[in-house]
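**Student:** Pasting a structure below so you can have a look.
The values are calculated or read from the model by the stated rules, or taken from the named source; none is laboratory data. Treat the numbers as computed from the prediction; the structure is a model and nothing was measured. Don't worry about glycine lacking a Cβ; one is built from the backbone with ideal geometry, like all the others, and counts go over all protein chains shown. Just so you know, the surface numbers come from the protein's heavy atoms only, side chains and all, with ligands and any DNA or RNA stripped out. Shrake-Rupley method; radii C 1.70, N 1.55, O 1.52, S 1.80 Å.
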Amino acid sequence: MRHTIRFYVGDECHTLAHTPPTRTLLDWLREEQGRTGTKEGCNEGDCGACTVLVVRLEGDRLVWRAVNACIQFVCMLDGAQVLTIEDIRAPDGTLHPVQQAMVDHHGSQCGFCTPGFVMSMVAGRKAAGLAQDERGIDDMLAGNLCRCTGYAPIVRAMRHAMEAGPDHFDAMAQDMAARLERLRDGATVEISGPTGSLSIPATVDGLAATMQEHPDARIVAGATDVGLWVTKGLRVLPHVVSIGQIPELRRIEHRPDGLYVGAAVTWQEARAALADVLPQPDEEVFRRIGSVQVRNAGTVCGNIANGSPIGDGPPVLIAAGARLHLRRGDVRRSMALEDFFIDYGKQDRAPDEFVEGVTIPVPGPDTAIRAWKVSKRFDQDISAILGAFSLTLAPDGRIADIRIAFGGMAATPRRASHTEAAMRGRIWDEPTLEAARAAMAMDFAPISDMRASDWYRRTVAANLLTRLYADCGPEGARAPISVQAACTGRGEHAHG
Amino acid sequence: MPAAAAIPAVADTIVPGGASRSLRHESAAMHVQGSASYIDDLPEPRGTLHLVPGLSTRAHARVLSMDLSAVRQAEGVVGVYTAADIPGDNQISPVGKGDEPLLATDLVAFYGQPLFVVAATTRGAARRAARLARVEYEDLPAILNVAQAREAGSPMVWRPMEMKRGDAQAGLAHAPRRLSGRMTVGGQEHFYLEGQIALARPGEEGEMHVISSTQHPTETQHMVAHVLDRPSNLITTEVRRMGGGFGGKETQANACACLAALVADRTGRAAKMRLDRDDDMTMTGKRHDFVIDYDVGFTDEGRIVAVDMVLAARCGWSADLSGPVIDRALFHADNAYFYPDVRLRSEPLRTNTQSNTAYRGFGGPQGIVAAERVIEEVAFATGLDPLEVRLRNVYGTHDRNVTPYNMVVEDSITHDLLPQLARRCHYAQRREAARAFNAGSRHLRRGIAITPVKFGISFTATHYNQAGALVHVYTDGSVQVNHGGTEMGQGLHTKMVQVVMRELGLGTDRVRITATTTGKVPNTSATAASSGADLNGMAVLDAVRRIKRRLVEFAAAHWNVGEDEVRFLPDGVHVGQKVIAFAHLTRQAYFARISMSANGFYKTPKISWNGDTGQGRPFYYFAYGAACSEVIVDLLTGEMKIERVDILHDAGESLNPVLDIGQIEGGFVQGAGWLTCEELVWDGAGRLRTHAPSTYKIPACSDRPRVFNVDLLENAPNREHTIFRSKAVGEPPFVHGVSVLQAISDALASLDGYRTCPRLDAPATPEMILRTVERMRNGPLPAA
């Protein structure tokens, strides 16, 4: 049992015993450490101005992740090394290749977003190696907003930075690993003070016991949602249980009944396995969940546990037939994912119960998985509507099975059961499509809000069936079925 | 200007990086290292208080009571201040209308109006405390938008303007063809990455030093002086750099500065007010949204003969800058086109929403977007290519060259620019290709459009067209330059350094720019209207030439050569046959007791404008450009991508080509964002529902055009005598975003074989696009 949290910032090791459990990394860096290079742009994880790097030793591998400091709690950094913009120059004072490229290509104007961009770019080089296409750069920078440059010079800088070869961090990797190794003690952390309590269980059994003892404690994995309760809702969370580093919860396993994703697995970690199990052209949905920074912190199961009607994960997983695993003390139970969502803000989970993982069955060879997110902005936006489809065609052209789930259409992520009924067993042709479109009206009565009107949601929900038909219909997709696909098919112009 | 005019330009070789050459942003190396300081990064004076405003939660209501006891008792709170605590005027109207209290008293006029300010030892404590206020309201009828304002009898924040030439009604009546329509254009949040912030430090005997993220330090100084009831000489405003402005800190910075100064004055402690993003977006004004009704007469050949337009704008609860903003919309409702008979009228409508304000383009883009809609209508009505219609209507050079405000366009180049860009980007072939694609595509459609911009340069309030500078040359030959303009990322400080470099033949390491402060250069104008480099550049040039004049006189006498034999070149100062270091000259000049400090001053010549008569020359010159955008649209969802953009832009003899290209690229994306993904949504109670980047979507990296070619027009020095013949470049490129809206419209027009104008309104969000698709297929939809 340890009663402190320990982590590095730059080269300095910090041991904290009294930091409030919801103290954000950004406030701590700026207000207590004087590291003012990291900026606050929105305080809700949407603009990326506060991007920092969190380096962890996982097995014997150093893993570099860009995260939004504004919605990370300091306590979540136990065992990690944080690098901020102040740490990016080489020790001899020369600029990092990313910094140099940003200067050379005029990637900054007002400069306020620039440190965040630099951090994302440094992380992008580490994470992706040196072979990234233009689309890869878009994805890498989707979580950083710039209002001045129009991004063009930043992308030019990134292209050049990727060609610049190794940086000084490569030479420091062994030292960094050794240092982080020394922080690894496998201990449970318990901190209790006037500003609240913090538990970091070392095992799932420990987590189960903690939750039984403190049913009102708030479980936090990546804090991409809970962080906003604090920074925007100003909520006080008297007891935080941080589960992000519990080894058993970080498992991604191929099991007989499907892909198992533990409760602390982030979207970024699960992405490749999910794309593998649920193949879709262009990885459409998985690469559009939040941004790199959000996917590096937010978890697949957190996206489920928070019960949001507009979470992007649940509709896809429901369509795929996922099962959710919950645990309460020593008692475990599983359920179809859609049954977990009872009503707006209400899930089938007892206070001392927690999500342990989710299993996604592997679709058969005759099943096509499609999921389309529709939002005002392509990247880093919240869905107006997300439609997910699992379509199994029989050899005779009949729809052997169909599962359809939508986000943004109701108070919870929900299946379109009337639509499914109108399709199941029918030949997949235009009359069936029309019948399905008509049935959709019986499935949902969506609301109007700042993201879209109910008319738009209803219309697009039906139109996504038409898109499904165009893509997975009897004739198959003969042409790109989305503007993104059509757009990326064309090469970069040689000029400028 | 006498001193500047008296000295001929003597540098015949421009020092590398000097004015007219590319040079990177003066803060670039600091930006990338996080060492460029913004106000919140500065070390805080001991005991600094943190301020958070308490905002109204009604759009229009009488305040019956305000119970702040829980706020005062909250942990960490040092004080809570209301209008009653203001020693001077509780008034920050920037135009002297007296309609904008700093803190509301008995009446709130929009949802988000500051009622009080909390000062606490930490920002967190202040934020928590501010939410504990208990305010009782009695609701009053609220007017939230243009339609409601018209129903309520069109209350105005400013005198409406009528601009006319010829007889529009007669012209319309006799026109061979005529049509009318309506366009709505949304507003826009500035979304400067650094939010509003000010740090006030009290000094001796009523002095107040305010570091403010403001585009208009002098106005901020005056506002603080009025609020504190002090003379201006006690108040100093300073700004080193802003993390973006875009017009959003021209007047909107004043509230934070005044509240910080108020608390600093009341407590004797430093006070900092940094708004949370939600409070910032909820409190501050934005780009005006417009409803524009147009009536146009034209010939079968697509020539416009008469235009009648009414431009109505949601101005918000107070006048702010709405008057000149809406006027500028009228000034640009012709864009680059000659209207033989014309009448333009404005309706600056008062509403119970944020007080809309300056935003890059200052109403001009809204006028231009309407002009381009009219062109589009004529094109679809006549079956002509919109580019052809544009070319048939652009201003001439010798005739057809008088604007609706009776200014002769002397420098028109649109007739040349449009075809030049069309050739470069293969517009005609690509238009055919898009049509061929559309003929074979069920759900995806391509569109392409090419649009020009003609943008008037000068403040229409003539007295703003002045600037000052202060240049010091030290004995070691290093130079410090100060001027009245502010740096918000546009590179103004870089350009000012370049002016000095070019004049004195010095490298960047010898010329230092300092923070803008009212203590060094007084009575300045806002850095706005794209005028920063034009005005301040000439003032800096004037100052540096005054010093240069003295150095030349001294050197000629000291080394016994003719004054024309003293030249400041990159390798040193040429004095007759020998070359000496600039530092040597300055040291000798010091010993000879030569003053090496000077103020510079500049006022724009030729301009005058009488708003009452609608006569004069409001603009010194026009900046031009053209853009071609190609898009692809999904008819099932309304999703859209910009595939390719080509821009040819007129920056005159550019002061700094790389910075100007940066302004064009950034301006375009911001303009495209305004017309596509950026949507402001208020609910029925007048509460802004898009008050953070989670709900208000500015373009992200992948929204930039996949192919993006930007070129400066070459060999195009300004015909007017501007700073080294350059042209202003801040606002005009924003307008290039209009080509995206027109390209989307072109894609949608394929739905009926290009026979009718789709009348696509802005912002063209996926929903707006899908609604337009639905309307074109099945007729009008019920309102959203």
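**Student:** Could you go through the stretch A:313-322 and let me know if any residue there is in a strand (DSSP E or B) and either modelled with pLDDT of 95 or more or within 30 Å of A:Gly136 (Cα to Cα) (or both).
**Tutor:** For the stretch A:313-322, residues in a strand (DSSP E or B) and either modelled with pLDDT of 95 or more or within 30 Å of A:Gly136 (Cα to Cα) (or both): absent.
One line per residue, one yes/no per condition, for (1) within 14 Å of another protein chain (Cβ to nearest Cβ); (2) part of a loop (DSSP other than H, G, I, E, B); (3) closer than 22 Å to B:Leu330 by Cα:
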site: B:Leu102; (1), (2), (3): no, yes, no
site: B:Thr105; (1), (2), (3): no, yes, no
site: B:Val117; (1), (2), (3): no, no, no
site: B:Ala129; (1), (2), (3): yes, no, no
site: B:Pro141; (1), (2), (3): no, yes, no
site: B:Arg150; (1), (2), (3): no, no, yes
site: B:Ser154; (1), (2), (3): no, yes, yes
site: B:Met163; (1), (2), (3): no, no, yes
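**Student:** Next question. Does the stretch A:318-327 contain at least one residue that is within 30 Å of B:Pro693 (Cα to Cα) and under 23 Å from the mean Cα position of the chain (by Cα)?
**Tutor:** Yes: one or more hits.
**Student:** Only strands (runs of 3 or more DSSP E) wholly contained in the stretch A:339-407 count here; list those with 1 or more residues that are of a type in the set (Val, Ile, Thr) and farther than 24 Å from A:Ile243 by Cβ.
**Tutor:** A:367-374, A:385-393, A:399-407
**Student:** Right, here's the next one. Just give me the residues in the stretch B:186-226 being open to solvent by 10 Å² or more (accessible area, probe 1.4 Å) and either modelled with pLDDT under 95 or among the β-branched types (Val, Ile, Thr) (or both), in sequence order.
**Tutor:** B:Ile211
**Student:** Considering (1) among the small types (Gly, Ala, Ser); (2) farther than 27 Å from B:Gln466 by Cβ; (3) surrounded by fewer than 21 Cβ atoms within 10 Å (Cβ to Cβ), say which one B:Ala589 fails and leave the rest.
**Tutor:** Among (1) among the small types (Gly, Ala, Ser); (2) farther than 27 Å from B:Gln466 by Cβ; (3) surrounded by fewer than 21 Cβ atoms within 10 Å (Cβ to Cβ), the lone unmet condition for B:Ala589 is (3).
**Student:** Okay, next question. Testing A:Lys126 on (1) of a type outside the set (A, V, I, L, M); (2) touching a strand residue (DSSP E or B) at 6+ places or on another chain (Cβ under 7 Å); (3) surrounded by 23 or more Cβ atoms within 10 Å (Cβ to Cβ), one condition comes back false. Which one is that?
**Tutor:** Exception for A:Lys126: condition (3).
**Student:** Just checking, does the stretch B:651-662 include any residue being assigned to a strand (DSSP E or B), touching a residue at least 60 places away in the same chain (Cβ under 8 Å), more than 11 Å from chain A (Cβ to nearest Cβ) and touching a Lys or Arg at 6+ places or on another chain (Cβ under 7 Å)?
**Tutor:** yes
**Student:** Only residues that are among the small types (Gly, Ala, Ser), in a loop (DSSP other than H, G, I, E, B) and surrounded by fewer than 22 Cβ atoms within 10 Å (Cβ to Cβ): list them for the stretch B:21-45, please.
**Tutor:** Hits for the stretch B:21-45 are B:Ser22, B:Ser35, B:Ser37.
**Student:** So, of the residues in the stretch A:356-375 that are of a type in the set (D, E, K, R) and open to solvent by 30 Å² or more (accessible area, probe 1.4 Å), which turns out to be farthest from the other protein chains (Cβ to nearest Cβ)?
**Tutor:** A:Asp366
**Student:** Moving on to the next point. Hey, A:Ile219 hits all of (1) within 22 Å of A:Val189 (Cβ to Cβ); (2) out of contact with any helix residue (DSSP H, G or I) (no Cβ under 8 Å at 6 or more places or on another chain); (3) open to solvent by 30 Å² or more (accessible area, probe 1.4 Å) but one; which does it fall short on?
**Tutor:** It fails just one condition, (2).
**Student:** Turning to a different aspect of this structure: Check A:Leu95, A:Leu83 and return the single one that is within 12 Å of another protein chain (Cβ to nearest Cβ) and within 21 Å of A:Leu183 (Cα to Cα).
**Tutor:** Exactly one of A:Leu95, A:Leu83 is within 12 Å of another protein chain (Cβ to nearest Cβ) and within 21 Å of A:Leu183 (Cα to Cα), namely A:Leu83.
**Student:** Out of everything in the stretch B:678-697 that is open to solvent by less than 10 Å² (accessible area, probe 1.4 Å) and in contact with a Lys or Arg (Cβ under 6 Å, 6 or more places away or on another chain), what residue ends up being farthest from the other protein chains (Cβ to nearest Cβ)?
**Tutor:** Going through the qualifying residues, I end up with B:Ala692.
**Student:** Do we find a residue being of a type in the set (Asp, Glu) and open to solvent by 30 Å² or more (accessible area, probe 1.4 Å) anywhere in the stretch B:416-426?
**Tutor:** Yes, the conditions are met somewhere in the stretch B:416-426.
**Student:** Within 26 Å of B:Met768 (Cβ to Cβ), open to solvent by less than 40 Å² (accessible area, probe 1.4 Å) and within 14 Å of chain B (Cβ to nearest Cβ) - does that describe any residue in the stretch A:292-305?
**Tutor:** Within the stretch A:292-305, none of the residues are within 26 Å of B:Met768 (Cβ to Cβ), open to solvent by less than 40 Å² (accessible area, probe 1.4 Å) and within 14 Å of chain B (Cβ to nearest Cβ).
**Student:** For the stretch B:707-758, how many residues are open to solvent by 30 Å² or more (accessible area, probe 1.4 Å) and part of a loop (DSSP other than H, G, I, E, B)?
**Tutor:** Adding up the residues that qualify gives 9.
**Student:** Let me ask something additional. Please give the number of the condition A:Thr224 fails out of (1) crowded, with 17+ Cβ neighbours inside 10 Å; (2) outside any loop (DSSP other than H, G, I, E, B); (3) of a type in the set (S, T, N, Q).
**Tutor:** Evaluating A:Thr224 over (1) crowded, with 17+ Cβ neighbours inside 10 Å; (2) outside any loop (DSSP other than H, G, I, E, B); (3) of a type in the set (S, T, N, Q) leaves (2) as the failure.
**Student:** Scan the stretch A:154-186 residue by residue and report those that are open to solvent by less than 20 Å² (accessible area, probe 1.4 Å) and free of Cβ contacts under 8 Å to residues at least 40 places away in the same chain.
**Tutor:** Those that are open to solvent by less than 20 Å² (accessible area, probe 1.4 Å) and free of Cβ contacts under 8 Å to residues at least 40 places away in the same chain: A:Val155, A:Met162.
**Student:** Return the residues of the stretch B:427-451 that are of a type in the set (D, E, K, R) and open to solvent by less than 70 Å² (accessible area, probe 1.4 Å); say none if nothing qualifies.
**Tutor:** Once the filter is applied, which keeps residues that are of a type in the set (D, E, K, R) and open to solvent by less than 70 Å² (accessible area, probe 1.4 Å), the stretch B:427-451 yields B:Arg430, B:Arg431, B:Arg435, B:Arg445, B:Arg446.
**Student:** Which condition number does B:Ile211 fail, the rest of (1) touching a residue at least 12 places away in the same chain (Cβ under 8 Å); (2) more than 21 Å from the chain's Cα centre (by Cα); (3) part of a helix (DSSP H, G or I) being met?
**Tutor:** (3)
**Student:** Inside the stretch B:550-600, counting only strands (runs of 3 or more DSSP E) that do not spill past its ends, which hold 1 or more residues that are within 43 Å of the chain's Cα centre (by Cα) and closer than 25 Å to B:Pro16 by Cβ?
**Tutor:** B:566-569, B:572-575
**Student:** If you don't mind, there's one more thing I want to ask. With the requirement that a residue be in contact with a Lys or Arg (Cβ under 7 Å, 6 or more places away or on another chain) and either modelled with pLDDT under 95 or not polar (S, T, N, Q) (or both), what does the stretch B:458-480 give you?
**Tutor:** Across the stretch B:458-480, the qualifying residues are B:Thr460, B:Leu470, B:Gly477, B:Val479.
**Student:** Among the listed residues A:Leu391, A:Leu468, A:Leu386, identify the single one that is of a type outside the set (Phe, Trp, Tyr), surrounded by 19 or more Cβ atoms within 10 Å (Cβ to Cβ), touching a Cys at 6+ places or on another chain (Cβ under 7 Å) and outside the structural domain of A:Asp133 (by TED's automatic domain parsing).
**Tutor:** A:Leu391
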